[in-house]
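Scroll down for the structure; my scribbles are underneath it.
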Amino acid sequence: MLGIALVAAVITTAVAVLIQWLPSSASEEMDRITFTYWFATIICIAIFSLVIGVIVYSVLAFRVQPDDDTDGPPIHGNTRLEVIWTVVPAILVIAIGIVSAVVLEKNADAGANPLRVKVFAQQFAWRFEYPGNVRSDELVLPLHRHVKFEMTSVDVIHSFWIPQMGQKQDVVPGIETEIVVTPTRTGTFTLICTELCGLGHATMRAPVRVLQEAAFSTWLSKERAAGGGAPAGGATGGSTTATGGAEEALGSKTFASAGCGACHEFKKAGTDAQVGPSLDDLTAAAQKAGESVPDYVRESIEDPNKVVVAGYQPGVMPQNFKESLSSEEIDALVAYVGGEEAK
Ligand code: CUA
């Protein structure tokens, strides 16, 4: 019986060890999650092997002969055995519970001085805001520092997950959820949305870059100096002549950060998604709506259900860009998408 259990243990251990089930850790939190995983897995391998040993041995040793129609011996239970198979699993489950509770507690601890990063999720893009009003579409993190994400969604429920960093948390409209990550190695990773949030869900990803503390400080002060992509307050209403290049840059940046490319083909931005109508030539569509191209683009951003192109569903395009984008961003986006035919 012990021999069979040993064989089962060796095979199960090989399956557990030889296949890489978890991504290689890049955070303190993931290290703890990995520990919990192995703690539970080792217990499972031991119990599983014991059960397999008893079952296989019983099948072999107590097999009924083909012509044996007698009843088995009457057994009225075995108190000692029943106490053992109740108490041992209870202890093991409680142990897993305690380890998990300690890990959850530690993984939620951001320490005394975390870096606070605001996370805004929307169909189908992520945006980040650092202290000092620095906005970014890329998530840049310092090595070995607790980072506390304060997250909210402007539309539906999304979920924040960087696989190598373990931590996963829903991002919910109307409330702020939090999660702590402490990177342990530099490199590039991907932030993935893991809550089915609409047609562009699979494209809702953001690049993550972990830098040494010094390199991170340099990046942050550089972004601060550059205004971090936040609209520079000087834009005067309606005037597109003053800062043509800056508006083009803001338009391009907004196109990326608002997630337009997740659904629309637009050669200028290098996107080829087919969820929504192509933005490459809007002349015919604007004519059909009886509007100029810029007016048509603005209307489609601010009130997307007013005119829905034949063959597409209403309600797929997010309805809240008028609230979630600043008026400078919308102006720049209109110029960027509909600008060529503007004059
Ligand atoms: Cu956002 Cu899926």
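Annotations
- Subset of region 1-23 [open to solvent by 40 Å² or more (accessible area, probe 1.4 Å), within 30 Å of residue 164 (Cα to Cα), in contact (Cβ under 8 Å) with a residue 12 or more places away in the chain and in a helix (DSSP H, G or I)]: 13
- Taking each residue of region 185-206 that is farther than 21 Å from residue 143 by Cβ and looking for partners that are in a loop (DSSP other than H, G, I, E, B) and open to solvent by 60 Å² or more (accessible area, probe 1.4 Å) with beta-carbon atoms closer than 6 Å, six or more apart or interchain, yields 195/157.
- Residue count, region 24-56 (criterion: open to solvent by 50 Å² or more (accessible area, probe 1.4 Å) and either touching an Asp or Glu at 6+ places or on another chain (Cβ under 9 Å) or outside any helix (DSSP H, G or I) (or both)): 1
- Boolean, residue 281 is open to solvent by 40 Å² or more (accessible area, probe 1.4 Å), closer than 22 Å to residue 204 by Cβ and free of Cβ contacts under 8 Å to residues at least 24 places away in the same chain: no
- Subset of region 201-226 [of a type in the set (A, V, I, L, M, F, W, C), within 16 Å of the ligand (Cβ to nearest atom) and open to solvent by 40 Å² or more (accessible area, probe 1.4 Å)]: 202
- The lone exception for residue 123 - which of (1) open to solvent by less than 10 Å² (accessible area, probe 1.4 Å); (2) at pLDDT below 95 it fails: (1)
- Failed condition for residue 342, given (1) over 20 Å from residue 156 (Cα atoms); (2) under 31 Å from the mean Cα position of the chain (by Cα); (3) at pLDDT below 85: (2)
- Qualifying residue in region 148-164 (condition: more than 16 Å from the ligand (Cβ to nearest atom) and out of contact with any Phe, Trp or Tyr (no Cβ under 7 Å at 6 or more places or on another chain)): yes
- Residue 257 vs. criteria crowded, with 16+ Cβ neighbours inside 10 Å, among the small types (Gly, Ala, Ser) and modelled with pLDDT of 85 or more: no
- The single condition among (1) among the basic types (Lys, Arg); (2) in a helix (DSSP H, G or I); (3) free of Cβ contacts under 8 Å to residues at least 24 places away in the same chain that residue 63 does not meet is (2).
- Flag for residue 339 being crowded, with 21+ Cβ neighbours inside 10 Å and in contact (Cβ under 8 Å) with a residue 60 or more places away in the chain: no
- Residue within region 88-104 that is among the polar types (S, T, N, Q) and surrounded by 10 or more Cβ atoms within 10 Å (Cβ to Cβ) present: yes
- Taking region 186-200 as the range and being within 16 Å of the ligand (Cβ to nearest atom), closer than 26 Å to residue 25 by Cα and open to solvent by 60 Å² or more (accessible area, probe 1.4 Å) as the test, the residues that pass are 195, 196.
- Within region 137-147, the set of residues being open to solvent by less than 10 Å² (accessible area, probe 1.4 Å) and away from the ligand (no atom under 16 Å from the Cβ) comprises 140, 141, 142, 147.
The values are calculated or read from the model by the stated rules, or taken from the named source; none is laboratory data. Computed from a predicted structure; not experimentally measured. Virtual Cβ from ideal backbone geometry, glycine too; neighbours counted across all protein chains shown. Areas reflect the complete protein model, heavy atoms only, side chains present, ligands, DNA and RNA absent. Shrake-Rupley method; radii C 1.70, N 1.55, O 1.52, S 1.80 Å.
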